[in-house]
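One structure is given here, and the rest of the page talks about it.
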Amino acid sequence: MDIGTVNTLSYEDFGNIFGNVVEKCPIIAAAVWSSRPFASLSALEAAFSEFIDALPESGKEGILRCHPDLAGRDLQRGTLTKESLEEQEGAGLDALESAEASSMARLNEQYKERFGFPFVICARMNDKKNILRQLSERCQHEGTVERAHGIEEVKKIGRLRLQGLVCHDTQNKL
Ligand code: 2AL
């Protein structure tokens with residue numbers, strides 16, 4: 001779809017298409033629709049990022065809490081969103097060795113216990129080894145640092161999801 005078509009979408013269609021750009025947070029797409037028309041894919045990406053950045057800290061933590069654990073229960077039970085499943089499979093998280101799986105489970109719990117929200121990282125920009133290493137390192141950080149880091153990862157995830165939905169090349173002259 002090109003950006004011109006995006007700009008013609010009703011809010012219902014926009015929500016159906018972009019509702020999971022931020023994992024399980026369709027309210028963000030519903031809000032971003034109000035910023036139409038978008039000059040380009042970059043402008044659409046910026047509208048999502050700016051909405052997230054403007055939220056109070058509790059709202060940012062809420063977004064993080066909507067994310068499933070990596071290699072967690074939802075992956076095992078088949079209850080991940082389509083987008084999250086593709087991302088987790090792409091990083092090899094559906095095929096962990098048993099030692100990797102137990103480290104991931106232990107560190108995910110440790111992280112949640114410490115910060116009150118789950119560890120979030122853009123799985124499409126990392127492989128399983130890198131994810132495990134970063135999970136271990138980020139468990140040592142301060143809460144404010146981790147909240148900001150997690151939100152930057154949410155924005156990366158959203159940017160890649162948007163790039164899968166809207167073509168790059170078309171610039172719409174407004
Ligand atoms: C996720 C997810 O669902 N997709 C992704 O890239 N990262 N979750 C997470 N906890 O980091």
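Ellipsoid fit via the Cα gyration tensor, the stretch 1-80: semi-axes of 25, 16, 10 Å, each the root of five times an eigenvalue, largest first.
Restrict the search to the stretch 83-163; then list the GluC sites (Glu not before Pro) that DSSP places in a loop and that have at most 16 other Cβ atoms within 10 Å of their Cβ. The qualifying sites are Glu97, Glu142. Normalised by 2.2 N^0.38 Å, where N counts its residues, the alpha-carbon radius of gyration of the stretch 69-149 equals 1.03.
Computed extension gain for Thr5 through His149, at 0.36 nm per residue and net of the alpha carbon distance, reaches 48.5 nm.
Estimated from helical segments only, the mean residue ellipticity of the chain at 222 nm is -19000 deg cm²/dmol, where each DSSP H run of four or more residues counts as -39500 (n - 2.57).
Shape analysis of the chain based on the Cα gyration tensor places the equivalent ellipsoid semi-axes at 30, 17, 13 Å, largest first.
The magnitude of the dipole of the stretch 1-65, with charges of +1 and -1 set on the Cβ of Lys/Arg and Asp/Glu and taken from the Cα centre, is near 100 debye.
Mean sequence separation of contacting Cα pairs (under 8 Å, at least six apart), scaled by the length of the chain, corresponds to a relative contact order of 33 percent. Result for the chain in a Gaussian network model with C-alpha springs under 10 Å: among Val32, Val145, Val21, the largest mean-square fluctuation is at Val145.
Here, each number is a calculation from the coordinates, and none is a lab measurement. Nothing here was measured: the structure is a model prediction, and the numbers come from that model. With ideal geometry, Cβ positions are generated from the backbone for all residues, glycine too; neighbour counts draw on all protein chains shown.
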